[in-house]
Amino acid sequence: MATDRQKRVVVKLGTGVLTSGVGQLDTRKMKSICKQVADAKKLGYQIILVSSGAVGLGMGKLKLKARPKHISAVQECAAVGQGILIQTWAELFAPFGITVAQILLTRDDVDVHTRHKAMRDLLDRLLADGIVPIINENDCISASELNIKFGDNDVLSALVATLSKSDMLLILSTAIGLIDMKGTGEVVAVVEKITPEIRAMACGTSSATAVGGMITKIKAGEIATSAGCDMYIADGSAKDIVKKILNGEQVGTRFCASSDSISSKKRWLAHFGKTIGKINVDAGAANALRNKGSSLLPAGVKSISGKFKKGDLVEIVDIENNYVVARGLAEESSVKIKRIISEKRTDKKCGHKDVVVHRDNLAIV
């Protein structure tokens, strides 16, 4: 467990790990996590917690049996539950001499560049001072606007790991790992690369309080590993689970960090910032972008969605297979790209030098 340098580890704790029922915190498990974090800190690790549970605690306090469907009711649960959650963490960490800091995030806090940098600087400062940041989505605000939600805390934790340049992400929940349901029926020990076959193993969740499932954990894995961060999915209720993972023991599923992790600029393009429009491309162009490191040229563009200017962040979508291939900065406005496409289709001269998104300003997702 000892290291030559300080390593950063993000530990995401699901509602199922932190509670023993709707609205009931399992303080025994939480105490165990606190001790493991304290032990890791003594060995030089810097730990960031991403803690679910606010909405579930609010549900318990308000005597609700199922997650509300109305947005304002979810906000109410979050507002009631978040105070209980952070107070409990602070009290449980206190015997170890550890100070905690609460950080509630919306999508804008990591997407807007000035906020992104401020958040990164804050995390650096807190960790340098030995403080454990405890992060959660600000459901009181983000629940009201789908476009500023992370989706769930699995994705949030992966974005936090990417932003903070962490070495490891531990997603601890009721899932014991990625299970090969269509094959051996056993936990997949190591995932070298997330492939369509790996994605097919994912399934949703039926928990009354959770909103994610294995699908969102796979998405988190794509984000974290592309940034050079190992990710683990493991049973958060297992004894000394954090200690075992940091010791290198084989538990749960390990998703290996990409050997060709992307630069800070590419990380920003791939995972942060709001996209203004979409450029729909054919399968040939999608393949060239993903496998050949090409720029996006007019010939592969099928259509444009939305209105954007030169330099705006856009999504590049494989329209034939309906998935986002990449994100990047447009070399031309939507109006000009449409004009170029129109000229090409009417057999007018279309210069080969025209580039829609240059590979230096493009990141595969």
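Worth pointing out:
- Working note: 222 nm ellipticity from helices only, DSSP H runs with n ≥ 4, each -39,500 (n - 2.57), summed and divided by the residues of the chain, gives -11500 deg cm²/dmol to the nearest 500.
- On Cα atoms only, tilt of 334-345 relative to the major axis of the chain in degrees: 50 degrees
- Computed accessible area, M201, all protein chains, 1.4 angstrom probe, square angstrom: 40 Å²
- Using C-alpha pairs below 8 Å separated by at least 6 residues, the relative contact order for the chain is 14 percent.
- Percent accessible area from carbon and sulfur atoms, region 10-153, protein chains only, probe 1.4 Å: 54 percent
- Note, ³J(HN,Hα) from phi for region 300-314, Karplus 6.51, -1.76, 1.60, rounded to Hz, x at Gly and Pro: x, 7, 9, 6, 10, 10, x, 10, 9, 9, 4, x, 6, 7, 10
- DSSP bridge pairs, the chain: antiparallel proportion in percent, nearest 5: 40 percent
- For Q102, the amide hydrogen comes within under 5 Å of the amide hydrogens of I134, counting only partners 5 or more places away or on other chains and with H modelled in the peptide plane.
- Highest-first arrangement of 95-103, 161-169, where packing means the average Cβ count within 10 Å: 161-169, 95-103
- As a fraction of the 1.4 Å probe accessible area of region 216-274, surface on carbon and sulfur atoms comes out at 45 percent.
- Result for the chain in a Gaussian network model with C-alpha springs under 10 Å: among H271, H113, H70, the largest mean-square fluctuation is at H70.
- With all protein chains kept in place, the per residue accessible area of the chain amounts to 47 square angstrom at a probe of 1.4 angstrom.
- Dipole of the chain, positive end: most advanced residue of V365, V9, V301 [Cβ charges, Cα centre]: V301
- Rel. contact order, % - alpha carbon contacts under 8 angstrom, at least six apart, region 224-365: 23 percent
- Along region 47-56 the Karplus relation, 6.51 cos²θ - 1.76 cosθ + 1.60 evaluated at θ = phi - 60°, assigns HN-Hα couplings of 10, 10, 9, 10, 10, 7, x, 5, 5, x Hz to successive residues, with x for each Gly and Pro.
- The local environment of D360, defined by Cβ-Cβ distances under 12 Å, has a net charge of +2 under the rule Lys, Arg +1 and Asp, Glu -1.
The values are calculated or read from the model by the stated rules, or taken from the named source; none is laboratory data. Keep in mind that what you see is a predicted model, and the values were worked out from it rather than measured. When we count neighbours, we look across all protein chains shown, and the Cβ atoms used for this are built from the backbone with ideal geometry, even at glycine. Accessible surface is based on the protein model in full, side chains and every heavy atom, while ligands, DNA and RNA are left aside. Shrake-Rupley method; radii C 1.70, N 1.55, O 1.52, S 1.80 Å.
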